[in-house]
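Participant: First the structure, which I've put down as structure tokens, then a few questions once you've had a look.
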Amino acid sequence: MQVRFSTDDLPPHDRVRFWCEYFAQRAHSITPGEIPDSGSFRAEASGSVAGEFALLDIKSGLERVQRTAADVAKDKTEAFFVRRFRRSAIWRVAPGSVPVDLVHEPGDFCVSSTAWRFDEESTGPASFDMLVIPQAALSPLLAGGRLARPFRLPAASPLGSLLGAALDAAKAQVPLLADELGEAVLRNLCGLVALSCGASEEATEQGPDSLRSAQLAAVKRHVDLHIADPGLTPASAAAALGISARQLHRLFEPSGSTFARYVLRQRLLLCRDTIAGATGTGRSVVDIAFGWGFNSMATFYRAFASEFGSPPAVLRTGSRSGE
């Protein structure tokens, strides 16, 4: 679904208020910093909304905005946000996360969530692209299910370049697709965002656990790349990464999980998303399960029901009833 909002046709004294209400509806609540002259203020948003995902082009005369404790309390839906700035901007965050001052240049990305307050100031009217990702889509791909802090991804970095190209392609093509296909495209961006989050955590982490965290992130990237291979085992992963099988198992011990349980859950999540999503249309559950690396349907059905509380047929029936 394509959306567009502009303050141009609103009474001048209502523009800032209506803009903040619209932004809260599509993304999250904010509090204006210095209120600009209401007569000259303008803001607009346009882009695509697909399911709980959104990819928006934002332009606003608010050069400074805050997200206060009251704003955080207002928002009942948890989500992640990927901003790509067109103007230089300073992003300050403290409560609820590691204190950071992130200085963004044009083209840089900022990844954050509804959990944090912030104070953002841009050089001139704010202008950025924003990808809204529901928590349930990105959280399973992150170590510990969350971000330890908001972070900046430079535009010129390898992952920044890849994410920028993917975002540009999505902006151009999602409006041409049916809503369910558009949602599938935006959902597929989560993997690249998760890789970017993992790379940032490795680069900023300090202390004696940093080596273990970097090794664990490397293991999870290996799993992501080989998840559809039925031959993915602790032994094969350890050999590919140059560590022993015992070292591999130790990496998962602090979380109370194991390599095998992690691989199983990732496969189940991918199967669930495929069965319920547009990419699973016309494919049997057996084909999907084998496509994501399962080699026993008895194991798949038992694990699926245990993880999600119902068999895959119920999920498929539910997704069709909503069409």
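The values are calculated or read from the model by the stated rules, or taken from the named source; none is laboratory data. As the structure is a prediction and not an experimental result, all values here were calculated from the model. For neighbour counting, all protein chains shown are included, and Cβ atoms are generated from backbone atoms with ideal geometry for every residue, glycine included. To get the accessible areas, we keep the full protein, side chains included, count just its heavy atoms, and leave off ligands, DNA and RNA. Shrake-Rupley method; radii C 1.70, N 1.55, O 1.52, S 1.80 Å.
Participant: Would you list the strands (runs of 3 or more DSSP E) that sit entirely within region 1-63 and hold 2 or more residues that are open to solvent by 40 Å² or more (accessible area, probe 1.4 Å) and within 30 Å of A184 (Cβ to Cβ)?
Facilitator: The strands (runs of 3 or more DSSP E) meeting that bar are 2-6, 43-50.
Participant: While we're here: If a residue has to be modelled with pLDDT of 80 or more, surrounded by fewer than 16 Cβ atoms within 10 Å (Cβ to Cβ), among the small types (G, A, S) and not in a loop (DSSP other than H, G, I, E, B) to count, how many in region 197-249 make the cut?
Facilitator: 5
Participant: Show the residue pairs meeting these rules: Cβ distance below 6 Å; 6+ apart or different chains; first residue within region 172-190 and within 10 Å of S48 (Cα to Cα); second residue in a helix (DSSP H, G or I) and among the hydrophobic types (A, V, I, L, M, F, W, C).
Facilitator: Going by the 6 Å Cβ cut-off, the qualifying pairs are V174/V185; G182/V174.
Participant: Then there's this: Check off (1) touching a Gly at 6+ places or on another chain (Cβ under 7 Å); (2) open to solvent by 30 Å² or more (accessible area, probe 1.4 Å); (3) of a type in the set (K, R) for R267 and give me the number that stays unchecked.
Facilitator: It is condition (2) that R267 fails.
Participant: Checking the condition surrounded by fewer than 22 Cβ atoms within 10 Å (Cβ to Cβ) and under 17 Å from the mean Cα position of the chain (by Cα), which residue from A115, A194, A155 passes?
Facilitator: Exactly one residue qualifies, and that residue is A115.
Participant: Now, a different point. I need the full set of residues from region 148-171 which are touching a residue at least 12 places away in the same chain (Cβ under 8 Å) and of a type in the set (D, E, K, R), in order please.
Facilitator: R149, R152, K171
Participant: Scan region 153-186 residue by residue and report those that are in contact with a Phe, Trp or Tyr (Cβ under 7 Å, 6 or more places away or on another chain) and assigned to a helix (DSSP H, G or I).
Facilitator: Of everything in region 153-186, those that are in contact with a Phe, Trp or Tyr (Cβ under 7 Å, 6 or more places away or on another chain) and assigned to a helix (DSSP H, G or I) turn out to be G160, L163, E183, L186.
Participant: Scan S127, S97 and give me the residue that is among the small types (G, A, S) and modelled with pLDDT under 85.
Facilitator: After applying the criteria, what remains is S97.
Participant: So which residues in region 79-94 are modelled with pLDDT of 85 or more and either over 21 Å from F53 (Cβ atoms) or assigned to a loop (DSSP other than H, G, I, E, B) (or both), if there are any at all?
Facilitator: Passing the criteria: R86, R87, S88, A89, I90.
Participant: So is S255 open to solvent by 40 Å² or more (accessible area, probe 1.4 Å), under 30 Å from G309 (Cβ atoms) and not aliphatic (A, V, I, L, M) or not?
Facilitator: yes
Participant: Next up: If a residue has to be within 19 Å of D229 (Cβ to Cβ), part of a helix (DSSP H, G or I) and among the hydrophobic types (A, V, I, L, M, F, W, C) to count, how many in region 274-309 make the cut?
Facilitator: Matching residues across region 274-309 total 7.
Participant: Follow-up. Counting just the residues of region 64-78 that are part of a strand (DSSP E or B) and more than 20 Å from the chain's Cα centre (by Cα), which one comes out surrounded by the most Cβ atoms within 10 Å (Cβ to Cβ)?
Facilitator: V65
Participant: Condition first: outside any strand (DSSP E or B), more than 14 Å from L55 (Cα to Cα) and among the aliphatic types (A, V, I, L, M). Can you find one or more residues in region 101-114 that meet it?
Facilitator: Looking for residues that are outside any strand (DSSP E or B), more than 14 Å from L55 (Cα to Cα) and among the aliphatic types (A, V, I, L, M), one finds none in region 101-114, hence no.
Participant: Residues being open to solvent by 20 Å² or more (accessible area, probe 1.4 Å), closer than 20 Å to D273 by Cβ and assigned to a loop (DSSP other than H, G, I, E, B): count how many of those fall in region 137-152.
Facilitator: Number of matching residues: 1.
Participant: Return a yes/no flag: does region 273-287 have any residue that is crowded, with 17+ Cβ neighbours inside 10 Å, modelled with pLDDT of 85 or more and over 28 Å from L147 (Cα atoms).
Facilitator: yes
A quick yes/no check of all residues on (1) touching a Phe, Trp or Tyr at 6+ places or on another chain (Cβ under 7 Å); (2) free of Cβ contacts under 8 Å to residues at least 12 places away in the same chain:
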{"residue": "A235", "(1), (2)": "no, yes"}
{"residue": "S244", "(1), (2)": "no, yes"}
{"residue": "F259", "(1), (2)": "yes, no"}
{"residue": "T279", "(1), (2)": "no, no"}
{"residue": "N295", "(1), (2)": "no, no"}
{"residue": "S306", "(1), (2)": "no, yes"}
{"residue": "P312", "(1), (2)": "yes, no"}
